[in-house]
Structures are given as C-alpha cells and as structure tokens.
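The values are calculated or read from the model by the stated rules, or taken from the named source; none is laboratory data. Note that the structure is a prediction, hence the values are computed from the model and not measured. Because the Cβ atoms are built from the backbone with ideal geometry, glycine has one as well, and the counts that use them run over all protein chains shown. Surface accessibility is based on the protein's heavy atoms, side chains included, excluding ligands, DNA and RNA. Shrake-Rupley method; radii C 1.70, N 1.55, O 1.52, S 1.80 Å.
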Amino acid sequence: MTSSTLFTDAMALVRLDGHDDGFQGYDGGDVAVFAGALNEHWTIGPKVHGGAMLALCANAARTAHGGDVQPVAVSASYLWAPDPGPMRLVARIRKRGRRVSLVDVELNQGERTAVRTVVTLGEPEHQAPPLLSFNPVVPLMTPEPPPGLEPIGPGHPMEHIVHLAHGCDIRPALTTLGPRSDGGPPVIEMWVRPKDAAPDVLFALLCGDVSAPVTYAVNRMGWAPTVQLTAYLRAMPADGWLRVICSCVQIGQDWFDEDHTVVDCEGRIVVQTRQLAMVPAQ
C-alpha cells in the first residue's frame, strides 16, 4: 500500500509479462494483465472511490491497446467494494478499429472481480466548436471558485469522509448540498483540480463521480454504493479548475440516478456521466 497522495501515483500500473499471472485465458496477445494498487487516500470513508476505479480501468484499456487513443466511453458495473491494497487489471481487446476500438477490463482483488468495464477507445472532439451544446455549468459557475470557498481539509465538515481531498483540491458549494428552499431537484456545485499536476483525461473521468450523493437533498447521507456508472469523455481538459455540477431525475426508496457534467476552465464540456446507485439507509 502506497503512502503517496498524488493522483498520478494512484493511477500507476505495471504490466505483467509471461503466463504465471494466475488468470485463465491469458495469451500474451489480445489480453494484457496489469498490477497496481487501490490507494488508501483515494477513498470515501473506508471505501475505494468508484471514479478512481473507473479511471484505473480506463488506463488499463488505453495502455493495453497502445497508440494515440483515449477512453471516450467507459461503462462500469460494480460487483463489490474492494479494500485499499494490491489489485490486478485484466484487459481483453475485443476490437481494433480505425476510429473505434473496444476493450473489456476487469479489476480483480484476490480471487474476486470487483469492477467490470467496457471501454470504447477513440479520439475525443477537436478544438472546433460543437454544432450544438447546452452547457448547464457555465451560466452557474465561474471558471475559478469564488473567494472564501473553503477546500475540503482540516476543519471542513467533509474532512473525515472525503479522503481523496489529500490528493486533489475540492471546493464544494455547501449551500447546494442540502434540500433546496424552492423544493426543486438537487444541483450540487463544486470546483476540483489535482494537486501538483494539471488535470488529465483520467482525472477528468474521476471527476464524473466526485460529488457527494444527491441523496443529501432528502437527508440520506450514508454510503450510497454505485451499481453502474457510464462516463463519456467529450474533450481533453485544459490546465486549470474543473467545474462539476451534479444533479438527478429521481430518488426512489431504494434506487437513485445521478448525473455529472464536468467543464474545464475554458468552458468546454469534458466529461458527462450517469450512474445508478442505492439510496442510503435512514
């Protein structure tokens, strides 16, 4: 287990060669196996952050494929919650195409698979403006956090829950976390950037799961395990703060949906996500 808090260290993978990896079906060609660690700093409470595991799977897919491609879509199913510590990633290349490739990735700890993902590799949008865009973030949030907005850290009410704040600067607008005074749907706002580095593709994907659960709006504040999460990489992030808005359509008795829109400092949508998760118990 590593003591580093850096995001780049949390994403580090070592490719394993040979046939002694212990995973059935390894053939040295269409399947690649990587060793890594689920970093204890990239956790929410005792649980490894779902966005960090999604980013690790995306990294394994991109590395296994090689070339100048990016994870433009990642669909992850979470089977169980692993502990911080050693893990392995098994990446199976299903298609190598001229514009689109497909890689299946399993995140395993011990003999169990914790996360299964399907990763679509391609090239994100160029710098040309989109033909149409409805960006909900830019009208509501400035490129940088407003003066006086405190980062999660010592003295912050989320200090002992959001441990990934050791490796990135997270500034949530606390006024958007609870129930809305007008009775409307929750819209949680926060500014995020990694410490000692510019945000990259993997960090942008992590930010698609960075918000506190929207169930805060109905005073359900416990662990809200994600069951399925799909992320789209729309553009490469610029160097600066990432603005994140989190919203939902419905919070049921057992299940809720949650959407993230991640916008960079230049006002471009870089990541969109949607997830299905379980409502915390009362």
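Annotations for the structure displayed:
- Counting only the Cα atoms, the chain fills a convex hull of 136 Å³ per residue.
- Annotation: per residue accessible area for segment 163-278 equals 40 Å², rounded to a whole number [probe 1.4 Å, protein chains only].
- Carbon/sulfur fraction of accessible area - the chain, other protein chains in place, 1.4 Å, %: 53
- By the equivalent-ellipsoid construction on the alpha carbon gyration tensor, segment 230-272 comes out with semi-axes of 26, 10, 6 Å, ordered largest to smallest.
- Ala12 versus Gln127: modelled label distance in nm, points set 7 Å from Cα along the beta carbon direction: 3.3
- When all alpha carbon pairs of segment 64-113 are counted in 10 Å bins from zero, the resulting P(r) reads 21, 47, 26, 7 %.
- Measuring between their Cα centroids, segment 30-61 and segment 224-282 lie 18 Å from each other.
- What segment 7-122 shows is 44 Å² of accessible area per residue, with the surface traced by a 1.4 Å probe over protein heavy atoms.
- For segment 163-278: span of alpha carbons on each principal axis (Å, largest first): 39, 27, 26
- In segment 7-122, the convex hull through the Cα atoms has an average projected area of 6.8 nm², a quarter of its surface area.
- Computed from Cα atoms, the angle from the helix 50-65 axis to the main principal axis of the chain rounds to 40 degrees.
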